[in-house]
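*Asks:* My questions will all concern the structure given below.
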Amino acid sequence: MGLGNARNQSIQSNQNKRHFKKGEKRSGVVYEVILDEENPIIPEVEVDNPTTRLVGAIRFRLTTDTSANTGKLQTAYPKNLNFKSLPLKNEIVTITTGATGNFFYERSGTELTPNNNADATTIKTTFGTDDKAKTKSSSTYQSVSSTGIARSTNDDSNDYDGYGDYFETDEFVHKLKLYEGDSYIESRFGQSIRFSGYNNPENELNPTITIRNGENAESKQNDESFTTTEDINKDGNIIFLGSGDRLLEYVLPTEVAVQSFFNYPNELKGNQILLNSDRIIISAKTQEMIFSSKGNVGFMTDNQFSIDTMLGINITSEDNIEIDTTAEDTDIKFNIGDNNIYLGTDDDLLEPAVKGDTLHDLLDELIQLIEQQVFLTPSGPSATGPVNLPSFTSLRNKLETMKSANIQLK
C-alpha cells in the first residue's frame with residue numbers, strides 16, 4: 001500500500017484540518033497502525049536515529065472522504081496517553097481534533113466480542129482502491145459498518161482486506177458479565193481487570209479486584225451470545241483480591257490429603273489474595289524474600305518439595321517439630337557426605353554416635369572370648385568357659401535386638 005512521503009502527508013493533513021472544527025467528532029477508517037520505529041512512514045531526525053513520535057499513531061481516512069487515493073491519508077494519535085487501545089486495520093474509530101489541531105483517535109462502537117469489531121473489507125467496500133475508486137454515500141457507509149465481524153478467512157492477496165499483518169480473529173473471546181457499578185478494563189484476548197463491589201451470587205457489597213489473563217477453554221466453547229465471568233479455578237492466570245463475606249470458591253488442585261495443615265480454613269472469606277496459574281515464579285534479584293504470617297503456613301503438592309541453598313538452612317521452633325512419612329516404602333534420608341550430624345544443644349559435650357553393626361560384632365566377639373576363657377589354678381587349667389556359660393550364650397543371641405530396624409548410620 002503506497003503511503004507517500006511524510007512531508008506530503010503532513011501537508012495534506014493540514015489542509016483537511018482547516019475543515020475540521022476543534023473538538024468535533026467524526027468517524028474514520030483505519031488503514032494502518034504504526035507499531036514501531038521501523039515503519040517507513042516515520043521520518044528520521046538524524047541518520048540511524050529515528051523518532052518514536054508516531055509509534056501508536058494510525059493512518060486513517062474519514063468516512064466522508066470518498067477518495068481512494070492512499071496518499072491523502074491522515075495521521076491520528078491516541079487520545080489517552082496513559083491507556084492505549086490499538087485499533088485494527090479496517091476498524092472504525094472516533095476522530096477528534098485537539099487544541100494543537102492534531103487528530104486524535106479512540107476506539108468506540110458496538111461489538112459482539114471484545115476481540116474485534118471491524119469488518120475485514122471496510123476499506124475496499126467503503127472507498128474502493130487506488131486502481132478502482134468507488135464513491136460511497138454516508139448511508140452506504142452505515143450499512144457497511146453494521147455488517148458485524150467478518151467470519152471468512154482474510155484474502156491475503158488484497159492489501160486492503162484483513163486486520164493487519166498477523167492479527168487473527170477469535171470470535172470465542174466473550175464479553176465479561178457485568179455488575180452494577182463495575183469499573184473494568186477488557187482486552188481483545190481474554191485479559192481483564194475488574195474493580196467490582198457486587199460480583200457475587202448474592203449481589204452483596206464485598207469489594208473485589210480480579211485480574212485475569214486468558215478466558216478458560218470451557219467458557220470459550222459457548223457461542224458469542226453469552227457473556228462470561230472470571231473463574232478462579234479454570235482461567236489461565238488469575239489474581240483475586242477479596243474482602244468481606246465474599247466466599248472464594250477455590251478448590252485445591254492437588255490430590256494429596258491435607259494432613260499436616262491442621263487448621264486449613266473451611267471457608268475462604270475476608271481480606272485475601274489468591275494467585276492461581278499453571279506455574280508461579282517469585283524471584284528476588286538482589287535482596288531478601290520475606291514471608292510472614294500471623295496464622296499457619298502450609299505447602300501441599302502432588303510432587304516433590306525441595307529446597308536448594310548455598311549457605312545452609314536454619315529452623316528455629318518454640319514447639320515440637322514433626323516429620324511424618326506414612327506411605328509404604330518411603331524413607332527419611334540425611335545425606336551428609338563426609339560431614340557431621342549433631343544432636344543435642346550447643347552446651348552438651350560432643351560424643352560420637354555408636355554404629356549398630358560394628359557394636360554388634362564387637363560385643364559378639366567379646367562374649368565369644370568370655371565363653372572360651374580358661375583360668376590357671378594351682379590344680380592346673382580350669383575348664384573352658386565360665387560356670388554361667390549358658391547366660392553368656394543367651395545374651396549373645398539377643399545382640400541383634402539392639403539394632404534399629406529403621407535408622408541407618410554411616
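The values are calculated or read from the model by the stated rules, or taken from the named source; none is laboratory data. Everything numeric here is computed off the predicted structure, so don't read it as measured data. Please note: Cβ atoms are built from the backbone with ideal geometry, for glycine as well, and neighbour counts cover all protein chains shown.
*Asks:* Being exposed (fewer than 14 other Cβ atoms within 10 Å of the Cβ) and farther than 20 Å from residue 182 by Cβ is the filter here, so list the residues in the stretch 206-233 that pass it.
*Replies:* Here is the first cut: in the stretch 206-233, the ones exposed (fewer than 14 other Cβ atoms within 10 Å of the Cβ) are 217-218, 221-223, 225-227, 233.
Of everything in the stretch 206-233, those that are exposed (fewer than 14 other Cβ atoms within 10 Å of the Cβ) and farther than 20 Å from residue 182 by Cβ turn out to be 217, 218, 221, 222, 223, 225, 233.
*Asks:* For the stretch 193-205, how many residues are over 28 Å from residue 168 (Cα atoms), free of Cβ contacts under 8 Å to residues at least 24 places away in the same chain and surrounded by fewer than 16 Cβ atoms within 10 Å (Cβ to Cβ)? Don't jump to the end; show me each part of the working.
*Replies:* At the first step, the residues of the stretch 193-205 found to be over 28 Å from residue 168 (Cα atoms) are 195-205.
Pick out the ones that are also free of Cβ contacts under 8 Å to residues at least 24 places away in the same chain and you get 195-198, 201-202.
So of that shortlist, the ones also surrounded by fewer than 16 Cβ atoms within 10 Å (Cβ to Cβ) come out as 195, 201-202.
Total satisfying the criteria: 3.
*Asks:* Still on this model: Could you check, for the stretch 67-74, whether at least one of its residues is within 34 Å of the chain's Cα centre (by Cα), surrounded by 13 or more Cβ atoms within 10 Å (Cβ to Cβ) and at pLDDT 90 or above? Reasoning before the result, please.
*Replies:* Here is the first cut: in the stretch 67-74, the residues within 34 Å of the chain's Cα centre (by Cα) are none.
No: zero hits.
*Asks:* Still on this structure: Within the stretch 322-364, count every residue that is surrounded by 11 or more Cβ atoms within 10 Å (Cβ to Cβ) and either in the same structural domain as residue 262 (by TED's automatic domain parsing) or of a type in the set (Asp, Glu) (or both).
*Replies:* Within the stretch 322-364, residues that are surrounded by 11 or more Cβ atoms within 10 Å (Cβ to Cβ) and either in the same structural domain as residue 262 (by TED's automatic domain parsing) or of a type in the set (Asp, Glu) (or both) number 2.
*Asks:* Tell me which of these residue 178 doesn't satisfy, since it passes every other one: (1) modelled with pLDDT of 95 or more; (2) within 22 Å of the chain's Cα centre (by Cα).
*Replies:* (2)
*Asks:* Separate question: Can you give me the number of residues within the stretch 161-200 that are among the small types (Gly, Ala, Ser) and not assigned by TED's automatic domain parsing to the domain that holds residue 269? Break it down into steps so the answer makes sense when it comes.
*Replies:* Step one: filter the stretch 161-200 for residues among the small types (Gly, Ala, Ser), giving 162, 164, 181, 183, 187, 190, 192, 196-197.
Within this subset, residues satisfying the condition of being not assigned by TED's automatic domain parsing to the domain that holds residue 269 are 162, 164.
Adding up the residues that qualify gives 2.
*Asks:* Restricting to the stretch 167-204, what's the tally of residues that are touching a helix residue (DSSP H, G or I) at 6+ places or on another chain (Cβ under 9 Å) and either over 27 Å from residue 90 (Cα atoms) or not acidic (Asp, Glu) (or both)? Show your work before the answer.
*Replies:* Here is the first cut: in the stretch 167-204, the residues touching a helix residue (DSSP H, G or I) at 6+ places or on another chain (Cβ under 9 Å) are 170, 172-174, 190.
Within this subset, residues satisfying the condition of being either over 27 Å from residue 90 (Cα atoms) or not acidic (Asp, Glu) (or both) are 172-174, 190.
Number satisfying all stated conditions: 4.
*Asks:* While we're on this one: List the residue pairs whose Cβ atoms are under 6 Å apart, where the first residue sits in the stretch 247-268 and is under 27 Å from residue 203 (Cα atoms), the second is among the small types (Gly, Ala, Ser) and surrounded by 10 or more Cβ atoms within 10 Å (Cβ to Cβ), and the two are 6 or more positions apart or on different chains.
*Replies:* Final answer for the pair search is 248/242.
*Asks:* Report, by residue number, each residue of the stretch 295-325 that is in contact (Cβ under 8 Å) with a residue 12 or more places away in the chain and over 23 Å from residue 407 (Cβ atoms).
*Replies:* 295, 296, 298, 300, 301, 302
*Asks:* Now a separate question. When you go through (1) over 20 Å from residue 161 (Cβ atoms); (2) assigned to a strand (DSSP E or B); (3) over 32 Å from the mean Cα position of the chain (by Cα) one by one for residue 99, which number turns out not to apply?
*Replies:* Of (1) over 20 Å from residue 161 (Cβ atoms); (2) assigned to a strand (DSSP E or B); (3) over 32 Å from the mean Cα position of the chain (by Cα), only one is false for residue 99: (2).
*Asks:* Of these, 228, 286, 254, which one is in contact with a His (Cβ under 6 Å, 6 or more places away or on another chain) and assigned by TED's automatic domain parsing to the domain that holds residue 197? Give the derivation first.
*Replies:* Numbers: 286 fails: in contact with a His (Cβ under 6 Å, 6 or more places away or on another chain); 254 fails: in contact with a His (Cβ under 6 Å, 6 or more places away or on another chain).
Matching residue, one of 228, 286, 254: 228.
*Asks:* Ok, one more. What is the residue count in the stretch 310-360 for residues that are charged (D, E, K, R), at pLDDT 80 or above and assigned to a loop (DSSP other than H, G, I, E, B)?
*Replies:* As a first pass, look at the stretch 310-360 and keep what is charged (D, E, K, R): 318-319, 322, 324, 328-329, 331, 333, 338, 346-348, 351, 355, 357.
If we keep only those that are at pLDDT 80 or above too, we end up with 318-319, 322, 324, 328-329, 331, 333, 338, 355, 357.
Checking the rest, the ones that are also assigned to a loop (DSSP other than H, G, I, E, B) come to 318-319, 322, 324, 328-329, 331, 333, 338, 355.
The total comes to 10.
*Asks:* Six or more apart or on different chains, Cβ under 9 Å: which pairs go from a residue in the stretch 175-192 that's touching a residue at least 60 places away in the same chain (Cβ under 8 Å) to one that's loosely packed, with under 14 Cβ neighbours inside 10 Å? Could you list them?
*Replies:* 175/226; 175/227; 185/83
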